[in-house]
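Input: a single structure, listed below in structure tokens.
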Amino acid sequence: MKEGARQMRRKVLVIDDEENIRKLIKRLLERSEYDVKESADGEQAVVELGRSHFDLLICDIRMPRKNGWEVLEAVKSSPKTSSVPVIVLTGMNDDDDMLKCYDSGAEYYISKPFTPSQLLYGVRMMFGEVEDGWKA
């Protein structure tokens, strides 16, 4: 946040069954002034979405209990969450997977492995915080 700004921090829900990925994303985003909550699977994420408001979701596809496709369906079909942007962050990296993510309602797609710059760019783009010439 810019000095003197008194705006609320944006809330991000990170949904991934790999703890090391969740922790990495959490540290990266918290250093960039975002509030981050974690979910280890899609079912836990859907419950969390029913309890709290989030400004952005970062979601893996291959997860136990509810996969990313099921999370996208739940998010985009609910009036409460349908406008929440979703970044899919996944190891599935062929064109058909990417198109299916966009067709399912995802706003952005990042394949693993990813760099911190890629992720921060995607997050900032979802919030309209990317300016010409911006670098992570």
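The values are calculated or read from the model by the stated rules, or taken from the named source; none is laboratory data. It should be emphasised that the depicted structure is a prediction, and the values quoted were computed from it without experimental measurement. Positions of Cβ are generated from backbone atoms using ideal geometry, with glycine treated the same way; all protein chains shown enter the neighbour counts.
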Exercise. What pairs can you find where one residue is in the stretch 17-42 and farther than 15 Å from Thr115 by Cβ and among the hydrophobic types (A, V, I, L, M, F, W, C), the other is assigned to a strand (DSSP E or B) and modelled with pLDDT of 95 or more, and their Cβ atoms are less than 7 Å apart, with a gap of 6+ or different chains?
Worked result: Val36/Val12; Val36/Val14
For this session: Among the residues of the stretch 49-60, write down those that are buried (at least 16 other Cβ atoms within 10 Å of the Cβ) and either over 13 Å from the mean Cα position of the chain (by Cα) or in contact (Cβ under 8 Å) with a residue 40 or more places away in the chain (or both).
Result: Phe54, Asp55, Leu56, Leu57, Ile58, Cys59, Asp60
Exercise. Take the residues of the stretch 77-127 that are more than 15 Å from the chain's Cα centre (by Cα) and within 21 Å of Asp55 (Cα to Cα): which is surrounded by the fewest Cβ atoms within 10 Å (Cβ to Cβ)?
Worked result: Pro79
